[in-house]
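To start, the structure itself, in structure tokens.
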Amino acid sequence: TDRQVVLSGMRSTGKLHLGHYFGTIRNWLDLQDRHICYFFAADWHALTSEYEDPSQVTASTVEAFADWVAAGVDPERAVVFVQSMVPEHAELHLLLSMITPLGWLERVPTYKEQLREVEGRDLSTYGFLGYPVLQTSDIVLYRAHFVPVGEDQASHLEISREIARRFNSLYGEVFPEPKALFTPTPKVPGLDGRKMSKSYGNAINLSDTPDEIRAKCKSMFTDPARILRKDPGHPETCNLFVFHRLLSPAAVTERVERECRAAGIGCVEDKALLADQIIAFLEPLRRRREDLMKDPGALLELLRKGSDRARERARETMGLVREALGLDYDRLLTGGRP
Ligand code: TRP
């Protein structure tokens, strides 16, 4: 088929939360119907920051995988795989590292920032500097045309496009230049109103139990201008309302909006109501996830099968790459004949 190839990945660090769901997974569900999709767990990328204690990386990968499938990512339609199960990522990373100027890597906006700001980890390593090279190999290994990104982060792809261009101009056209595919990424606030993130400790995880969700909702920040129960609220500046809009049935969202403005519903009540909505929203996911986790052998089989499918495409690309570089000893010595 000549459908376009889309590639997307997530670092395997910890449990998935609602920010991942609305920012990434929901887009995948939509994309898998329309394109040839490769979705993967970037466990090697996780090591760029977790190298001192890699013990959680495999567990995070399995958790993420279960969450994706439970959320509706279909391993029959999309190729869902694990980066380290396709060693060709490493081979291509090495070859691309030869042609990537240091200056390009040092100039990546998030590089110096994270080097400075990430606490408790020494990121002044070769691997962390090379993060975008590995990311580029993830993309071009599948000769992907599109990489889904949020509106504000098209620049992350720029270095991958540059590396692909440089390869093509040195050795011949092998890689399509990957383009940004703009997908909706609603801002999902955490319990404290900052961006939902594991490192802020403000996340609602997809695997949280109903009790955990209720407790977390109780601790949520609400409209700061609403001090007394009888004060009218402002849904447009309330954290709770962001979630109603993302996941509550329209009738509930409308009622909350109306009653909040009229001081008919209080924040405490709304927190309990929202908890019920989140629990109901995640319930089917939680059930499918539980089923998946009951049969680890079948889950491993899914990981393996997806990774084998990915590997077929990866091997094909590496054949083209070795040929383009002239790194083909068969061809040199026997003309390709056994
Ligand atoms: N950097 C991405 C993240 O932080 C993960 C990732 C690795 C990725 N390789 C990729 C995303 C290739 C898209 C394409 O989650």
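The values are calculated or read from the model by the stated rules, or taken from the named source; none is laboratory data. As the structure is a computational prediction, the values presented were derived from the model and not from experiment. Quick reminder, even Gly has a Cβ in these numbers, built from the backbone with ideal geometry, and neighbours come from all protein chains shown.
I need the full set of residues from the range 135-161 which are touching a Pro at 6+ places or on another chain (Cβ under 9 Å) and in a helix (DSSP H, G or I), in order please.
T136, I139, V140, E151, S155, H156, L157, I159, S160, R161, listed by residue number.
Looking at the range 150-165, I want the residues that are closer than 24 Å to G19 by Cβ and in contact (Cβ under 8 Å) with a residue 40 or more places away in the chain and have a partner that is assigned to a helix (DSSP H, G or I) and within 13 Å of the ligand (Cβ to nearest atom) with Cβ atoms under 7 Å, at least 6 apart or on another chain. Which pairs are those?
G150/G23
Of (1) in contact (Cβ under 8 Å) with a residue 24 or more places away in the chain; (2) touching a Gly at 6+ places or on another chain (Cβ under 7 Å), I99 satisfies all except one. Which?
(2)
Does the range 21-43 hold any residues that are near the ligand (Cβ under 9 Å from one of its atoms) and part of a helix (DSSP H, G or I), and which are they?
T24
If the Cβ limit is 8 Å and pairs must be 6+ apart or interchain, which residue in the range 114-125 that is closer than 12 Å to T48 by Cα pairs with which residue that is charged (D, E, K, R)?
R121/E52
Mind telling me which of the residues V86, V108, V79 ends up being among the aliphatic types (A, V, I, L, M) and more than 23 Å from T183 (Cα to Cα)?
Of V86, V108, V79, the one residue that is among the aliphatic types (A, V, I, L, M) and more than 23 Å from T183 (Cα to Cα) is V86.
Does the range 98-119 contain at least one residue that is under 28 Å from I36 (Cβ atoms), more than 21 Å from the chain's Cα centre (by Cα) and not in a strand (DSSP E or B)?
yes
In the list F65, F81, F22, which residue meets the criterion of being buried (at least 23 other Cβ atoms within 10 Å of the Cβ) and within 25 Å of P189 (Cα to Cα)?
F65
Would you point out which residue out of S8, S49 is touching a residue at least 24 places away in the same chain (Cβ under 8 Å), surrounded by fewer than 22 Cβ atoms within 10 Å (Cβ to Cβ) and within 12 Å of the ligand (Cβ to nearest atom)?
Result of the check over S8, S49: S49.
What is the number of the single condition among (1) at positive phi; (2) crowded, with 16+ Cβ neighbours inside 10 Å that G72 does not meet?
That leaves (2) as the condition not met.
Please pick out the residue among A164, A144, A154 that is under 30 Å from E316 (Cα atoms), within 14 Å of the ligand (Cβ to nearest atom), at pLDDT below 95 and surrounded by 13 or more Cβ atoms within 10 Å (Cβ to Cβ).
Result: A154 is the single residue among A164, A144, A154 that is under 30 Å from E316 (Cα atoms), within 14 Å of the ligand (Cβ to nearest atom), at pLDDT below 95 and surrounded by 13 or more Cβ atoms within 10 Å (Cβ to Cβ).
With the condition kept exactly as written, say whether any residue in the range 80-94 is away from the ligand (no atom under 14 Å from the Cβ), in contact with a Lys or Arg (Cβ under 7 Å, 6 or more places away or on another chain) and β-branched (V, I, T).
no
Please give the number of the condition Q56 fails out of (1) in contact with a helix residue (DSSP H, G or I) (Cβ under 6 Å, 6 or more places away or on another chain); (2) within 25 Å of Y200 (Cα to Cα).
(1)
Quick check on my filter: what residues within the range 167-185 are among the polar types (S, T, N, Q) and loosely packed, with under 14 Cβ neighbours inside 10 Å?
S169
If you go through the range 253-293, how many residues are small (G, A, S) and either within 14 Å of C238 (Cα to Cα) or touching a residue at least 40 places away in the same chain (Cβ under 8 Å) (or both)?
4
How about the range 126-141: which of its residues are without any contact (Cβ under 8 Å) to a residue 60 or more places away in the chain, of a type in the set (A, V, I, L, M) and either more than 16 Å from T48 (Cα to Cα) or away from the ligand (no atom under 14 Å from the Cβ) (or both)?
L129
Pick from D53, D43: which is under 13 Å from the mean Cα position of the chain (by Cα) and among the charged types (D, E, K, R)?
D43
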